């Protein structure tokens with residue numbers, strides 16, 4: 001058994017799952033040690049922990065709360081939370097998603113209902129939570145442009161990896177972009193969002209319903225979720241999702257043009273957290289190019 005598996009097993013047993021008899025690795029995931037545990041009674045659960053000591057507040061209570069909020073407020077199928085502590089999260093097991101257009105069409109209905117039935121006049125969440133390994137600042141704001149600028153874009157500029165990837169010209173360009181957000185994006189209300197909506201966080205229930213995992217919830221623009229799914233790898237059958245979602249929510253014809261700008265938030269988060277950024281820094285520099293001006297250092 002690997003050291004990571006041994007750590008996860010120890011924490012499961014400390015949490016009351018003393019009869020675990022098998023532990024299998026779970027694929028994917030960058031922030032946690034995860035696996036599927038089977039008990040002597042035949043129960044199978046998904047569990048994850050952190051190799052390092054959890055930060056203050058810890059991510060797992062926030063994730064459990066996010067799953068519950070998506071289910072109760074937005075009607076989104078999610079795994080059942082079986083245990084949550086500062087260093088362990090245990091969930092019921094979901095199934096891999098089917099590779100059908102019908103599944104993605106059903107997901108479009110799920111996400112559209114979430115976004116259209118949870119509108120709010122404020123942007124944020126009652127507490128910070130976690131996007132990957134990084135704390136997500138959810139301080140309330142009545143202005144969506146201010147919230148997106150301060151809490152989703154500019155908040156990454158002090159991070160060491162971001163400062164290394166973006167020179168002073170590009171950091172200033174991001175500030176100029178943020179100042180112009182009301183010109184670049186439509187004024188939309190806030191709604192409850194998943195916050196980390198990409199294909200790897202889409203699974204299925206036992207009955208084949210679309211279900212979501214690993215949220216970083218907040219009240220913000222619905223198109224932040226849409227942009228993350230649009231701009232990250234997704235299978236060909238997922239194209240049906242975007243057509244149906246657009247029909248259900250009345251998206252205007254220009255929505256695709258806005259996606260790269262809204263995805264800046266995720267690109268910056270990736271740069272901040274990982275040495276290998278999968279091309280995020282290059283993408284960000286390209287998006288900021290129209291906002292570059294000559295910068296002269298003042299003495």
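Conditions first: (1) in a loop (DSSP other than H, G, I, E, B); (2) more than 17 Å from the chain's Cα centre (by Cα). Residue 102 passes all but one, so which condition is the exception?
The one condition residue 102 does not meet is (1).
Do we find a residue being surrounded by 14 or more Cβ atoms within 10 Å (Cβ to Cβ), in contact (Cβ under 8 Å) with a residue 24 or more places away in the chain and assigned to a strand (DSSP E or B) anywhere in the stretch 161-169? Write out each step before concluding.
Of all residues in the stretch 161-169, those surrounded by 14 or more Cβ atoms within 10 Å (Cβ to Cβ) come to 161-163, 165-166, 169.
In the following step, the residues that additionally are in contact (Cβ under 8 Å) with a residue 24 or more places away in the chain were identified as 161-162, 165-166, 169.
Next, from what is left, pick out any that are assigned to a strand (DSSP E or B): none.
Looking for residues that are surrounded by 14 or more Cβ atoms within 10 Å (Cβ to Cβ), in contact (Cβ under 8 Å) with a residue 24 or more places away in the chain and assigned to a strand (DSSP E or B), one finds none in the stretch 161-169, hence no.
With the structure loaded, tell me whether residue 25 is loosely packed, with under 15 Cβ neighbours inside 10 Å and touching a helix residue (DSSP H, G or I) at 6+ places or on another chain (Cβ under 9 Å) or whether it fails that test. Give the derivation first.
Values: loosely packed, with under 15 Cβ neighbours inside 10 Å: yes; touching a helix residue (DSSP H, G or I) at 6+ places or on another chain (Cβ under 9 Å): yes.
Yes, satisfied.
Right, residue 149: outside the structural domain of residue 204 (by TED's automatic domain parsing) and either surrounded by 14 or more Cβ atoms within 10 Å (Cβ to Cβ) or farther than 28 Å from residue 235 by Cβ (or both) or not?
On the way: outside the structural domain of residue 204 (by TED's automatic domain parsing): no; either surrounded by 14 or more Cβ atoms within 10 Å (Cβ to Cβ) or farther than 28 Å from residue 235 by Cβ (or both): yes.
It is false that residue 149 is outside the structural domain of residue 204 (by TED's automatic domain parsing) and either surrounded by 14 or more Cβ atoms within 10 Å (Cβ to Cβ) or farther than 28 Å from residue 235 by Cβ (or both).
Looking only at the stretch 50-78, which residues are touching a residue at least 40 places away in the same chain (Cβ under 8 Å), crowded, with 22+ Cβ neighbours inside 10 Å and closer than 25 Å to residue 206 by Cβ?
63, 66, 67, 70, 74, 76, 78
Within the group 114, 107, 89, which residue is touching a strand residue (DSSP E or B) at 6+ places or on another chain (Cβ under 7 Å) and assigned to a strand (DSSP E or B)? Spell out the reasoning first.
Details: 114 fails: assigned to a strand (DSSP E or B); 107 fails: assigned to a strand (DSSP E or B).
Step by step, each of 114, 107, 89 is checked, and only 89 is touching a strand residue (DSSP E or B) at 6+ places or on another chain (Cβ under 7 Å) and assigned to a strand (DSSP E or B).
The values are calculated or read from the model by the stated rules, or taken from the named source; none is laboratory data. Bear in mind that the values here come from a model prediction, so they are computed numbers and not experimental data. Ideal geometry is used to build each Cβ from the backbone, glycine not excepted, and the neighbour counts take in all protein chains shown.
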